[in-house]
Amino acid sequence: MKTFHKFGAASVLVTSLIGTTAFAGNLAEPILEPVAEPIYTPVAVGTDWTGAYGGLNLGYADIDGDGAADGDDATYGVHLGYDYDFGRYVLGGELEYDKTDIDLGGAASADSVTRLKLRGGYDMGRTLVYATAGAARLDSSLGKDTGEFVGLGVAYQVTDRFTVGGEVLEHRFEDIGGSGVDADATTFNLRGSLRF
């Protein structure tokens, strides 16, 4: 019986010690470690298109003239321009020269087109979608003529300095070289440009 009382007393003592250890420090305020706040870097919405650029064109032209004065062929050329980025909108100007040798049904040939462009577009980050219009000077075997053109284009920044893109332009020429021949021309150009 004494063993039972000793065992019971030892059990009460051990339970008291464990309980005291378990509840030790409960009256003090808990120490909270500060939680690190994540740092977010804002993502750039647009890319800056401001600056000069120049490059090469490779394309195709389809000319529909009066009577049998029709023809189509490849074109190649150069362009030089400047853009200014206003945030979401971009405005710029460009000078472009395309060389070609289009036989217009045996009646004449088109040799080159020089364009003075105004373009305005929407900055979508690395992509610029734009409309363009201006004056075009046609050099042909019938003579020279200045007409107008309108079109749409897109440019994509592969790197900060190199862009690729494409353009579709619709031209109108009247009384080419005083010959009385009118012509409409549609051109498709693929473009590569270096920005500097």
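The values are calculated or read from the model by the stated rules, or taken from the named source; none is laboratory data. Keep in mind it's a predicted model, so treat the numbers as computed, not measured. Neighbour counts run over all protein chains shown; Cβ positions are idealised from the backbone, glycine included.
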Those residues of segment 163-196 which are under 19 Å from A135 (Cβ atoms) and among the small types (G, A, S), in sequence order: G177, G178, A183, A185
The listed residue being touching a Leu at 6+ places or on another chain (Cβ under 9 Å) and on the phi > 0 side of the Ramachandran plot, out of G153, G177, G143, G105: G177
Selection from segment 137-174 of residues that are loosely packed, with under 14 Cβ neighbours inside 10 Å and outside any strand (DSSP E or B): V158, T159, D160, R161, E174
Residue check for A108: out of contact with any Lys or Arg (no Cβ under 6 Å at 6 or more places or on another chain), under 22 Å from A135 (Cβ atoms) and modelled with pLDDT under 95: yes
Search result, residues across segment 50-61 that are surrounded by fewer than 19 Cβ atoms within 10 Å (Cβ to Cβ) and out of contact with any Lys or Arg (no Cβ under 6 Å at 6 or more places or on another chain): T50, A52, G54, L56, L58, Y60
